[in-house]
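Heads up, the thing below is written out as structure tokens.
The values are calculated or read from the model by the stated rules, or taken from the named source; none is laboratory data. Computed from a prediction, not measured in an experiment: that's the story for all the values here. Here the Cβ is made from the backbone with ideal geometry for all residues, glycine too, and neighbour counts use every protein chain on show.
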């Protein structure tokens, strides 16, 4: 674990250097969007630049921002954790493919509790985020954690303030496990947060920072951000009834049965996936590109970058607790998705 934390810190430093270098070279790749995959894209960019001299100028601005940027044609690719529908892809003349798999995790700040020492279920989480459970001493939390004593501490909900694929993934999960959440709040990249104690943060970085400094808080972030900031996460009950912890193995278990081409644009939801070891809030992060790009040379460089990353970036992904796309899937992406992009 210490090795992975060190790697995460080096990734963050390298990311800043990569982005600074990326803005100085016209040949470098431009992209924008999801904060969820930023740590691994930054690491891949560092490795790719060392081998090819081509950098990546990636703006980690959230999924909604990435979709806006690619539609405005200001970047060569957009990145989103909330997949774009097949109808919208056709309307925009774009293709979409998953680049990496990871997990969203519930994180908290409560004196006396460490990583994985609190167990929670989806329905109880939904009540916390709705503001129906307002104190950590609530009997529903205590019932899931026999033998543990919770303080009488008010719960502050920390959520994304920007349009976010992480929010889409999180609210998709809460909608599946709680009919009341589905009926009153629903799922989306941005929702109206019902809890009166809700506080927003921009990006996974902002949510992580707010949870770290707010006692009694609960939030949701991509797992790498929880690790990087050493924020305690909860064990979560999955669809098979087992309490599991987040890591690359439980994310992979959730992805094991996915039929990627069963949905237009490969936009498959993995929330609450079956499997004894499956993490319930697993997701892919997606790349958006034009079939007829305005700059074909830039588009070709994007494909070279992801082709190289699929082949050479697996271990880096695992080191950061992401799950690389399987070779069988990337082979189909090259043929069935990239084949639609004009060269």
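Key figures for this structure:
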read-out	value
Failed item in (1) out of contact with any helix residue (DSSP H, G or I) (no Cβ under 9 Å at 6 or more places or on another chain); (2) assigned to a loop (DSSP other than H, G, I, E, B), with residue 335 passing the rest	(2)
Helices (runs of 4 or more DSSP H) lying entirely in region 245-322 (those with 3 or more residues that are more than 17 Å from the chain's Cα centre (by Cα) and under 23 Å from residue 77 (Cβ atoms))	296-312
Residue satisfying condition, being without any contact (Cβ under 8 Å) to a residue 40 or more places away in the chain and in contact with a strand residue (DSSP E or B) (Cβ under 6 Å, 6 or more places away or on another chain), within set 109, 145, 169	145
Unique residue being surrounded by 20 or more Cβ atoms within 10 Å (Cβ to Cβ), outside the structural domain of residue 171 (by TED's automatic domain parsing) and out of contact with any strand residue (DSSP E or B) (no Cβ under 9 Å at 6 or more places or on another chain) when the list is 293, 326	293
Matching residues in region 175-202 - criterion: being in contact with a strand residue (DSSP E or B) (Cβ under 7 Å, 6 or more places away or on another chain), crowded, with 16+ Cβ neighbours inside 10 Å and within 22 Å of residue 228 (Cβ to Cβ)	199, 201
Residue match in region 45-59 (condition: in contact with a strand residue (DSSP E or B) (Cβ under 7 Å, 6 or more places away or on another chain) and surrounded by fewer than 17 Cβ atoms within 10 Å (Cβ to Cβ))	no
Residue check, residue 342 touching a residue at least 60 places away in the same chain (Cβ under 8 Å) and either more than 21 Å from the chain's Cα centre (by Cα) or outside the structural domain of residue 34 (by TED's automatic domain parsing) (or both)	no
Some residue of region 222-238 being in the same structural domain as residue 163 (by TED's automatic domain parsing), assigned to a strand (DSSP E or B) and closer than 21 Å to residue 67 by Cβ	yes
Entirely in region 88-181, the helices (runs of 4 or more DSSP H) that have 3 or more residues that are within 30 Å of residue 291 (Cβ to Cβ)	165-177
Number of the exception - residue 205 against (1) buried (at least 24 other Cβ atoms within 10 Å of the Cβ); (2) more than 26 Å from residue 95 (Cα to Cα)	(1)
Residue tally, condition assigned to a helix (DSSP H, G or I) and either over 17 Å from the mean Cα position of the chain (by Cα) or within 15 Å of residue 157 (Cβ to Cβ) (or both), over region 197-208	3
